[in-house]
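In what follows, a structure is listed as C-alpha cells, so that the remarks can point back to it.
The values are calculated or read from the model by the stated rules, or taken from the named source; none is laboratory data. It should be emphasised that the depicted structure is a prediction, and the values quoted were computed from it without experimental measurement. FYI the Cβ positions are ideal-geometry reconstructions off the backbone, even for glycines, and counts take in every protein chain you see.
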Amino acid sequence: MQLLDLACGAFLLAGVLVLWRRDLAAIVRLFALQGAALGALVLVLGVHEGDAEVIGLAVGIGLLRAVLLPWLLRRALAASGGAGGANRETEPLVNVAASLVVAALLALLAYAVTRPVVALDPSPAVHAVPVALTVVLIGFFALVTRRRALSQVVGFLLMDNGITAVAFLTTSGVPLIVEGGVSLDVLLAVLVLQLLTARIRAAFGDTDLDDLRELRD
C-alpha cells in the first residue's frame, strides 16, 4: 500500500503547509492539493477493495474538493479585492514558527489518541488514521487562530477533509447518499461564507475579524 502512504503523506503535508503560508492564494492552492490527495486516498482504498462505489466516490470527492471548492474560494478571494495585506494572513493569533510546533504536538496527540484503534486492526488503512486525525486537529487550530475570514473557512474545510479521511480509513467507505449529503452541506456552507465575505468586504473594506470586533466595540 505504498500509494496509500504517498496519498496520506501529501494529505498531511498540505495541511501543515497551510499553517506555514500567509498568502491566501497559496493557502487555497494547498487546500486544492489536499483535496486531490484525499481523492487519491479514497481511490486507492476503492481499488484495493474492488469497490466500484468507493471508486466513484473518489472521483466525486476529487472534483468537489480539488476543483469546485478551491474555485469558489478563489472567487471569494477575488471578490475581496485589494492588494498586499488584504490578500495575506498578516497577523495570526499564533505566529508561523509556533504554529508549526503546535502542528507537531497535535500529530503526537493524534497518534497517542488513536493507538488503541490502530492496535485493534493491523491493516494499512487503519494505521493511517492518526494522519487523518492530525489534519482534523490542524484544521481546528487554523480555524481558531487565523484572523482572515477566508483562512478560517479553509480551516473548517481542512477539518471536513480530515473527518472524511477518518471515515474512509476506518470503515472502507461510507454510503454514497451519506457522502453526497455531507458534500452538499459543505458546498452550501462555502457558498454562504463566500457571499458573507464579499458583503463584509463591501460594507467594511476588510475581512479581518479582529478589526470588525473593534468596529462593534
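Only residues that are out of contact with any Ser or Thr (no Cβ under 7 Å at 6 or more places or on another chain) and of a type in the set (Gly, Ala, Ser): list them for the range 109-124, please.
The answer is 112, 119, 123.
Here are some residues: 215, 193, 150, 109. Which one is assigned to a helix (DSSP H, G or I), over 25 Å from residue 40 (Cα atoms) and at pLDDT 85 or above?
Exactly one of 215, 193, 150, 109 is assigned to a helix (DSSP H, G or I), over 25 Å from residue 40 (Cα atoms) and at pLDDT 85 or above, namely 109.
Within the bounds of the range 133-147, is there any residue that is buried (at least 18 other Cβ atoms within 10 Å of the Cβ), farther than 24 Å from residue 44 by Cβ, at pLDDT 60 or above and among the hydrophobic types (A, V, I, L, M, F, W, C)?
Yes.
Within the range 5-31, which residues are crowded, with 19+ Cβ neighbours inside 10 Å, touching a residue at least 24 places away in the same chain (Cβ under 8 Å) and of a type in the set (A, V, I, L, M)?
7, 12, 18, 19, 24, 27, 28
Pick out the one residue from 150, 169, 157 that is within 17 Å of residue 92 (Cα to Cα) and touching a residue at least 40 places away in the same chain (Cβ under 8 Å).
Going through 150, 169, 157 in turn, the sole match is 150.
Would you check which residues across the range 52-73 are over 30 Å from residue 88 (Cβ atoms) and surrounded by fewer than 20 Cβ atoms within 10 Å (Cβ to Cβ) and list them?
Within the range 52-73, 52, 53, 55, 56, 59, 60 qualify.
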